[in-house]
Amino acid sequence: MKPLHLQRKHEHSAEPQADVSQYLTFQLGDDVFAIGILAIREILEYLKPTHVPLMPPFIRGVMNLRGSVVPVIDLSLRFARGETEINRRTCVVIIEVEGEEQLQLIGILVDAVHEVLAIPDADIEPPPQFGSKIRVDFIAGMAKLDSHFIVLLNVNKVLSVDEMALISSLGQQEAAVESLPEKA
């Protein structure tokens, strides 16, 4: 299976259009999430990433993307859920995330990719302040679709390079402390 490349078209039209944004929907466990397509670089069939020692559990490893090293994040583990079980529909979605000085490519592991939806801004509600299965700051909004909601993710929060680096360094410090001999 070849990677799916998403094209970004900049259309200029004389007709005024309602504010509509496009989102890629995907499955994580029993839940459907979405990310704005402007952040998505491509979708790849799952290939086992190369394990990197001393990384937090949600970083499954790294992959080679045309000569670039791209970390692969298990989004389910990032949301403090169980590890993603690999099956024939499992995909890695390559996302562009804002770093300190440049855009960073990060792969997210998802159970399955569904479709691209055009969602009017009027159909997007603010994130709930409680009762969500993930951190509130990870949610950009809730899209009303028929009789249910789709969680729109804030990729710059979910995949914050600074926060993940902090978690990684804390994990390394914890591992170093655990390896120290106990005093009698």
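The values are calculated or read from the model by the stated rules, or taken from the named source; none is laboratory data. Since the model is a prediction, treat every value here as computed from it, not as a measurement. Cβ sites come from the backbone with ideal geometry, for glycine too, and all protein chains shown count toward neighbours. Heavy atoms of the whole protein, side chains included, go into the accessibility calculation; ligands, DNA and RNA do not. Shrake-Rupley method; radii C 1.70, N 1.55, O 1.52, S 1.80 Å.
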Those residues of the stretch 138-184 which are modelled with pLDDT under 85, part of a helix (DSSP H, G or I) and closer than 20 Å to LEU38 by Cα amount to VAL161
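Identify the residue in the stretch 118-130 that is part of a strand (DSSP E or B), of a type in the set (A, V, I, L, M, F, W, C) and open to solvent by 30 Å² or more (accessible area, probe 1.4 Å) and, among all such residues, is modelled with the highest pLDDT. Talk me through it step by step, then tell me what you get.
Step one: filter the stretch 118-130 for residues part of a strand (DSSP E or B), giving 118-120, 124-125.
In the following step, the residues that additionally are of a type in the set (A, V, I, L, M, F, W, C) were identified as 118-119, 124.
If we keep only those that are open to solvent by 30 Å² or more (accessible area, probe 1.4 Å) as well, we get 118, 124.
Working: ALA118: 93, ILE124: 90.
Only one residue fits best here, namely ALA118.
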Only listed residue being out of contact with any Cys (no Cβ under 8 Å at 6 or more places or on another chain) and closer than 19 Å to LYS157 by Cβ, chosen from PRO128, PRO53, PRO49: PRO128
Which pairs do you get when a residue that is among the hydroxyl-bearing types (Ser, Thr, Tyr), found in the stretch 63-76, comes within reach of a residue that is surrounded by fewer than 11 Cβ atoms within 10 Å (Cβ to Cβ), reach meaning Cβ atoms under 7 angstrom, with the pair 6+ apart or on two chains? SER76/GLY82
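Return yes when SER76 is out of contact with any helix residue (DSSP H, G or I) (no Cβ under 6 Å at 6 or more places or on another chain), at pLDDT below 95, surrounded by fewer than 16 Cβ atoms within 10 Å (Cβ to Cβ) and among the hydroxyl-bearing types (Ser, Thr, Tyr) and no when it is not.
On the way: out of contact with any helix residue (DSSP H, G or I) (no Cβ under 6 Å at 6 or more places or on another chain): yes; at pLDDT below 95: yes; surrounded by fewer than 16 Cβ atoms within 10 Å (Cβ to Cβ): no; among the hydroxyl-bearing types (Ser, Thr, Tyr): yes.
In short, no.
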LEU44 passes all but one of (1) buried (at least 18 other Cβ atoms within 10 Å of the Cβ); (2) touching an Asp or Glu at 6+ places or on another chain (Cβ under 8 Å); which number fails? (2)
